[in-house]
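Read-outs throughout are calculated quantities, based only on the coordinates presented, and are distinct from any laboratory measurement. Note that the structure is predicted; figures quoted are calculated from it, not measured. Cβ atoms come from the backbone with ideal geometry, glycine included; neighbour counts cover every protein chain shown.
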Amino acid sequence: LHHLTVAMAARGWRSKVVRLPDPRIPSLLASISFEPAPPTEQMTTWADAISRRRSDRRVMSSWEVPDSHVQTLVKLAAEHGVVAQPLTDASAEHLWESLKRHVVDKRQGDRVYEKEMSRWASVGADAREGMPEANLVETPGEAEEESGEAALLLCTSSDDPMSRLRAGEALSALLLEATRLGLATRLDSQVVEEETTRAQLEEQLLAGARSPQIVVHVGWPAGSEPVPLTPRRETGSVLKVTAAPSMSVQAAEPIPPGPPSTTEGDAR
């Protein structure tokens, strides 16, 4: 949804969005109409970033992300009604990592999960979804240089459909702005995919005041070569263009979810 409004704005069309317009159709995320408007520099640069953005699973550079960049992303999320909480505190980082290890251990031997992961990873070059083998990276060893990346936990005031939709739009904006700044990005969602670990995170880190949605890691890429583009679904699988004179566009059926921690927003 956010990518669409950015792309249209760069081409001289302002989007008028009605989110979740029909409660009888849960899969209809938004109804959008357009009106002429001069493109702004921000929208033009973001539109350019759409085709360049990747989920970079490589170990990021040891160079630290400037606090000014982090605060830019925090303010950007706030514009969408979403809190982007930096995980700079050692206890917060430890909590996240310990909960993630718990999820990983729990999923060991889960045949359904492993089958889905196998289907999603190492797909062929002509696949419409999934992760090509070239995008897979090995877990870094102990000798690897420590990363200077920053982690942002995106949180909402509740966990209803509107909150999740807003979180997705904020995530889109953060990914595009980070790309514009030259930063690499990857997502981490395992902890919030399990009910027990999500509840622990909400209680211990957020004092029950906010709902955690996803973690965004940002950092300077370790290599100069960009990672390969992952497959994208056909536009028609997520959009339906109506014949209305207002040139309205509607979201079609929702994108089927991929396995945990593999889609990383690529197909959203």
Less than 27 Å apart at the alpha-carbon level, and either on another chain or at least 8 residues along: which lysines does that give for K240? K16
Debye, to nearest 20: dipole size of region 13-56, +1 on Lys, Arg Cβ, -1 on Asp, Glu Cβ: 140
Net charge near T5, counting Lys/Arg +1 and Asp/Glu -1 over other residues with Cβ under 10 Å of its Cβ? +1
Report the one residue of S68, H80, W96 whose Cα lies farthest in the direction of the positive end of the charge dipole of region 59-116 (charges on C-beta: Lys and Arg +1, Asp and Glu -1; origin at the Cα centre). W96
Whichever lysines have a C-alpha closer than 17 Å to that of K106, once near sequence neighbours (fewer than 8 apart) are set aside: K115
